[in-house]
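Each remark here refers to the structure printed beneath this line.
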Amino acid sequence: MEKQNEQIVFLRNFIEESVCREIKTPMDFVFLREIIQERTGELLSIATLKRIWGYVNGYKTIRFSTLSILSRSVGFKNWTDFLENYYSNSNIITVKSLYSESLETGDRLTVYWNIRNYCIFEYCGRNIFSVVESSVPELERNVLFHCSYFIEGQPLYLDKVRKNRLPFVLVI
C-alpha cells in the first residue's frame, strides 16, 4: 500500500505540472475535472479527485480505471503504462529548462501546450528527437526533428523537421 501511495503522489505531482497549477482549493478541483474531461473525454467526480489529492478522507484504495483516466490525461495509455514508462524511470528530473545534450539516447520528454495539446518525444542523440505520440496531426509518430533546448513556458523551436526522411514545413 505504501508503494502505491508513493506512485499516486508522483502521478498527482505530474498532473499538477502538466496543468501548471497546484490543486489545493475547491475551484482547483473543478478546473482539474474540466481539464481531464477535455484531454480524455472521461468524467471523474470532484469528490473522487478530492479524495485522491487528500483534500477529504475516503477510501484507502483507488480503482485501476480511475488511475488510468488520470494517466491518460497526461499522455499515457493507462495506469500500467504510466508506471512502466514514467514512474519506474529512476532518472526523472523535473526542470524549468533542459539542454538536449544532457539527455541520453532513449530518454523521453512529454511537452504540453494550450491545455489539450501534447507530444511525447524520444531522444535519438545529437539533438535529434523522434515523435512517439502526439495530439497534433502534423507531428505524427516517427517524425524526426532537431531541438537543442527546451524552456518551460516558451515557444518550442523545432529545426530540420523530417517526415518520411523528407523535409517539410511545420506550423503549429
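One line per residue, one yes/no per condition, for (1) under 18 Å from GLU16 (Cβ atoms); (2) in the same structural domain as SER18 (by TED's automatic domain parsing); (3) modelled with pLDDT of 90 or more:
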| position | (1), (2), (3) |
| --- | --- |
| SER68 | no, yes, yes |
| VAL74 | yes, yes, no |
| ASP81 | no, yes, no |
| GLU101 | no, no, no |
| THR110 | yes, no, no |
| PHE121 | no, no, yes |
| ASN127 | no, no, no |
| ASP159 | no, no, no |
### Task
With respect to ASN89, determine if the residue is at pLDDT below 85, in a loop (DSSP other than H, G, I, E, B) and surrounded by fewer than 15 Cβ atoms within 10 Å (Cβ to Cβ).
yes
### Query
So which residues in the stretch 35-78 are at positive phi and surrounded by fewer than 12 Cβ atoms within 10 Å (Cβ to Cβ), if there are any at all?
GLY41
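The values are calculated or read from the model by the stated rules, or taken from the named source; none is laboratory data. Just so it is clear, the model here is predicted, and its values are computed rather than measured. FYI the Cβ positions are ideal-geometry reconstructions off the backbone, even for glycines, and counts take in every protein chain you see.
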